[in-house]
Structure formats: structure tokens, C-alpha cells
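The values are calculated or read from the model by the stated rules, or taken from the named source; none is laboratory data. These numbers come from a predicted model, not from an experiment. Cβ: placed from backbone, ideal geometry, glycine included. Neighbour counts: every protein chain shown. For accessibility, only protein heavy atoms count, side chains too; no ligands or nucleic acids. Shrake-Rupley method; radii C 1.70, N 1.55, O 1.52, S 1.80 Å.
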Amino acid sequence: MELINHFKDFSNVSIFLAYNVNVDALKYLADLSDIEELKENFSDSEIKMKIEEYPRTIEKPIDFVARLIHAMKSGKPAEVPLKNNLEIDTFLNSLNYNEERIGGQVGIISNLLSILNLKKIIFYSPILAKKQAEMFENNENLVFPTITNGKLVLKKPIESFKNDELKINRIFEYKEDIEFYLQNEKITTPQSNRFIVASRPENLRIEIKDELKSHLPEVGKLIDCAIISGVQAIKEEYSDGKTAEYYLNQVKEDIKLLKKENKDLKVHFEFASIQNTEMRKKIAESILPEVDCVGMDETEIANIIHVLGYEELSEGILKYSKIEDVLKASKILLEKYNLEGMQVHTMYYIMYLCKKGGILSDESLEKTLEFATVLASTKAALGQISCIDDLKTGLKIPHNKHGELLKEIVENISKEKELGGYKIILVPSRIVENPKSTVGLGDTISAGAFVGYVSELKKLKNK
């Protein structure tokens, strides 16, 4: 309980979040019959051929089934964009979903931080439909920025929605040890995870609209930190001729404007699965130099390293998940983009790499990561976090069985010459045997760790 008491009041922190809010429609795949139902309209040879093609967008039902089975076989989280057309829309709409809830990194993180009693959470989404607005916590500290008579006004989400198109993602959660066959191949899911079919509405543009943009320095003065996410929704080209470069420049400009009158502002970039390799590279090279911290999982770090030319290292991470390789990749990104910190979360640990010389002690950094694991295990066990007291559930969940070995590996790596100038902090995750949900666990971990970090920095500076 001491850990929860230490972090249960983040009222010394105000934050800005942009850009992605959507509704998540969740379908739980519990056993063989659920998989067979999705496969029934296709032959196994068709599915196998399509898996080998590895479609990077979902345009037809067969694309969906192939990528879902590919994801289930690996047991790793995956997100693939949807290319809307009548055939795939009809197919996806015909499925029975178990529940709907707030989604998108900004949606998930906003509600979580509101419960954690931050002083102010100012979130922004370029599109905000009524259904999305209704899913936000109705708390005084959670607000949306609007401009009224030329002035910045912070309103509750329910007072801020417009007649916007609804962005809805379909999420397929599967359990560990589901067994099924594809031709003669027996597939067993190695762990519980999720596969996301991500909608990309044409009118969703990752940018802050002009009327608010000019007020971003004012917003920056109201906050201590910001989390930028949703950049994975940027397309290479739009119907009006605008390109990815245009919107990436908009994001860079937004970050600079937020920092313009608040030089101490810390900005965290939450990475996500990006199928298009060219876009992946453009996003890394445009956004990473502008931020202080980056959060990603091991698949995302492997994919980024791959497009930067480290193919062998990338393949090693994807195949063996060795901490040594993840650290090598983290160090490359930290140095290349002059980052303050790299935070990597996997099923078994959350790890932070930064240069030595920061003002926070190892113990303080470890506490922030430990708190993040409690948040994630609580969310996995309960499906959502409704109040601070829920965290007692996560605190009771033990660290995974590999915890001591992982810490020992990091301790030994830390002694190596090339990592002499770095701090490596690793905390083993608490694994929930039968999670209610895995969606948003990475976002929960990253947000908890980053806000904990900023809160600790502020406490030290105010001593």
C-alpha cells in the first residue's frame, strides 16, 4: 500500500494529450468455435496463401482473417488499418461484439489520469463525436480546449462534441492456449493478446485546428507535460492532395508551440504499430527529435530499428526477445534522437534507459515503473480502473516468475563498458493469468510511468 499511497495523488501535475480518441468495439475469442466461425467462409489454403502475402491494410474479409490468425500464431499485439468499402464494412458490422468503450491512446489515458487525480488533463482530438464524448469520465479535472470569442475556454467533453464522424476500432481479444488447425498445421495461441482493425476516416486529420493552434503557447503554460499519440493514423496521401509530410510538420509545429513559453515542458511520444514501412521511418525521423521520452513495446522497437537499417538486430528482437538486443536498440534511438529516456514495455517487464546524471535516483525511477505495473495488472484483472482503491487488486498480483532472472541480466549488462554512462531500470511485470482485457495495457503502463516521472521531478524541484 505504501507504493499506492506514494503515487495516489498526482495533483501536482497537469498534462496535455493529443490526438486520437475513438470507440473500441470488443469481441472476445474464447475457444475453437469462435475461430471456426470467422474461418467458415474461406478455405484453409486461401487463408494460408493470404497470410504469406501479409496484407498491410484490411480491404477484404480474407485479409482480416489471415492477419488475425497470423497475430494469434505469434501471440504478439497487432494493429492493421482498415480500408473502408462496402464488402469489409458489411462483414465487420455483421459480427457480434461483446462491448463498446472509450478507445484510442488519448481516450484511454485521459480517463485513467482523471481517476489518478491529476490537477488538469487537457485532451484534444480533431474529431469528437457525441458517442465518444459520452464515454469520458465526467470529472472536473478532465477538459477539452475550445475557442469562444477568441479566448481559450476549457470545457467538459460532454459540452464539447460536434457533429463529427465516429471513429470506431474493432478489437479482437484472444485467450492463451486456444487450439485450432490450418490445413495440417496445429496452432496454439502462446499468450492472451489482441488484434486491432483500426479505422482511418478520411476526415480524420492528425492536426490541431487553426483556431486553437494559435493558443497552444497559452495551453503550454497551463501544463507540466504532454503525451503525443495517434500519429499512426496519418496516411501517405489524402484526397485533397495533402501528404504525410504536411501532417508530420503540423505535429512538429504543435510540439514547438506547446514548448514555446514553457521550456521545462516534458513531451512523451507513445509509439504504435505502423504497417507501412515508409511511414514508420518518416514518423521516427520527424517526431522523435522533437520529444523528450518515447514509449513502445518490443515489436514496435524492432520495427523502428529495422527501417533505420538495423535488420539483423530487429530480427533478433522479434525472434528471441533478448533484453540485450532491446537495450542495444533503445541506446541507438536514445543517441540518434537525443532523447532523455526510452521506455520499453513487454509482457514480462517495463524498462527505462536514460543517461546517467539525471536528478532522479534509481530508487525513484524504479518506483515509477513499479507503479506502472500495478496500474497495468489492475486494468488487466478488472477490465478497467474505476477508482484508486481498485489498485489494491493489481498490488496483490505477484511479479512474473522470470522477474529475478531479468533483474540479474540487467545488472550484468549494466557493468558492460558501452553502457557505463547509462542508467538501466527494469521492473518485472505482474502477469494476470486470465486477463479481462489486454487493450490499452501499453498505454496504461507508459502513461503511469511518464506521469510518475514528471511528478517526482516536480517534487524534487519544489523542495
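Packing, as the average of other Cβ atoms within 10 Å across residues, places the peptides 72-78, 243-249, 355-361 in the order 72-78, 243-249, 355-361, highest first. Taking θ as phi - 60° and the Karplus parameters 6.51, -1.76 and 1.60, the scalar couplings of segment 286-303 work out to 7, 8, 4, x, 8, 10, 9, 9, 10, x, 7, 8, 5, 5, 5, 5, 5, 5 Hz in sequence order, x denoting glycine and proline. Among the aspartates and glutamates, select those whose C-alpha is under 17 Å from the C-alpha of LYS221, and discard any that sit fewer than 8 residues away in the same chain. Within reach: GLU253, ASP254, GLU261, ASP264. Between TYR349 and SER429, the built amide H atoms are under 5 Å apart, and every one of these is 5 or more places off in sequence or on another chain.
Accessible area per residue for the chain, computed on protein heavy atoms with a 1.4 Å probe, is 42 Å².
Given axes a ≥ b ≥ c from the Cα gyration tensor, I'd like to know whether segment 151-227 is rounded (a/c under 1.5), prolate (a/b larger than b/c) or oblate.
Note, shape of segment 151-227 comes out prolate.
Reducing segment 144-180 and segment 244-264 to their Cα centroids gives an inter-centroid distance of 22 Å. For segment 394-447, the relative contact order comes to 44 percent (Cα pairs under 8 Å, sequence separation of at least 6). Find, among the GluC sites (Glu not before Pro) in segment 182-242, those assigned to loop by DSSP (not H, G, I, E, B) with at most 11 other beta-carbon atoms within 10 angstrom. Listed in order of number, the matching sites are GLU202, GLU236.
Helix-derived [θ] at 222 nm for the chain: sum -39500 (n - 2.57) over DSSP H runs of at least 4, divide by residue count, nearest 500? Can you show the working numbers first?
Details: 18 runs with 195 residues, N = 463.
Calculated at 222 nm, the ellipticity per residue is -12500 deg cm²/dmol.
Restricting to the chain, what percent of DSSP beta bridges are antiparallel, rounded to 5? Here the share of antiparallel DSSP bridges comes out near 50 percent. Peptides 26-39, 81-94, 369-382 ranked from most to least packed by the mean count of surrounding Cβ atoms within 10 Å: 369-382, 26-39, 81-94.
Output the pairs from LYS76/LYS281; LYS167/LYS252; LYS39/LYS401; LYS282/LYS367; LYS131/LYS260 with a Cα-Cα distance over 26 Å in this structure; if there are none, say none.
LYS39/LYS401; LYS282/LYS367; LYS131/LYS260
In the chain, a dipole from Cβ-located charges (positive for Lys and Arg, negative for Asp and Glu) runs towards its positive end, and of THR299, ILE109, TYR54 it is ILE109 whose Cα lies farthest in that direction.
Contact order, relative form, for the chain: 16 percent (alpha carbon pairs under 8 Å, 6 or more residues apart, mean separation divided by residue count). Need one word for the chain: rounded, prolate or oblate. Basis is the Cα gyration tensor (sqrt eigenvalues a ≥ b ≥ c); a/c below 1.5 gives rounded, then a/b vs b/c decides. It comes out rounded by the Cα gyration axes.
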